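The values are calculated or read from the model by the stated rules, or taken from the named source; none is laboratory data. Please read these numbers as outputs of a predicted model, since none were measured by experiment. When we count neighbours, we look across all protein chains shown, and the Cβ atoms used for this are built from the backbone with ideal geometry, even at glycine. Heads up: the accessible areas ignore ligands, DNA and RNA and are worked out on the full protein's heavy atoms, side chains in. Shrake-Rupley method; radii C 1.70, N 1.55, O 1.52, S 1.80 Å.
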Amino acid sequence: MLDFFKGYKKFAIGFGILCAVIIAIIYSVLNVEKPLPIYQPSQVDTTLVDSTIQYVKKYHKIADFSLTNQNGKTITQNDYKDKIYVADFFFTTCQTICPIMTDHMLTIQKEIITDDEVKLLSHSVTPVIDSVAQLKKYALQKGVNDKKWNLVTGDKKQIYELARKSYLAVKSDGNGDKYDMIHTENFMLIDKKRQIRGFYDGTNPEAISELLNDIKTLKKEYK
């Protein structure tokens, strides 16, 4: 009888170890970090997407652009080649959500300041007002690091088209004519292939924390 229980004890110990190993494997598999989604126009709220591309289900990328930054330098997609970046739309005279968004961009800038893979890009939606001199003044006041963060101005129609047809970021309110005005709190996370990998409320501290975590997740795709 004792021999029977001794054998059973060994079996129980072995079975317990086996169960522990199986549980550890299952836990490991379930906790594998999933890649971030790649957003296509057809997946985004139609009010944020130009009607000409709402049907697009794959291959969407940020279009080529040519704008001017706070230092009078021409900024194109080549300045963001092989970079992850966070983009938004703002204007320097905004007294509502833009100051909050800028403060949150500064938080992101602080976190990525030594990270060569990540940059920031803010587009003015009032480019006539936001001249190079105005952007430079704003950048100095806020503490913008020129190596990490471009504030850009330029052709209004191009900026509005980028907002609606590339970044899928804003509700329609004109196409960039003289009195048109768009405004959005959205931050967009863009990968090295110029694809949208996330949308975030730029006024919400919790969303900024999520964005910073998503940057870390996205970087793992390139290791």
Pseudo-spin-label distance Y55 to K34, built 7 Å along Cα→Cβ, given in nm, is 2.9 nm
Working from the alpha-carbon coordinates of the range 97-223, get Rg over Rh, Rh being the Kirkwood radius. 0.95
Express the carbon and sulfur contribution to the solvent-accessible surface of the range 89-223 as a percent, rounded to the nearest whole number, probe 1.4 angstrom. 49 percent
Before I look further, what does the range 37-108 give for accessible area per residue, probe 1.4 Å, in whole square angstrom? 50 Å²
Distance check, please: which entries in K57/K110; K157/K216; K156/K219; K110/K192; K157/K223 exceed 30 angstrom between their Cα atoms? K57/K110; K157/K216; K156/K219; K157/K223
Expressed in nanometres to one decimal, the distance between label points 7 Å along Cα→Cβ at T47 and E117 is 3.6 nm
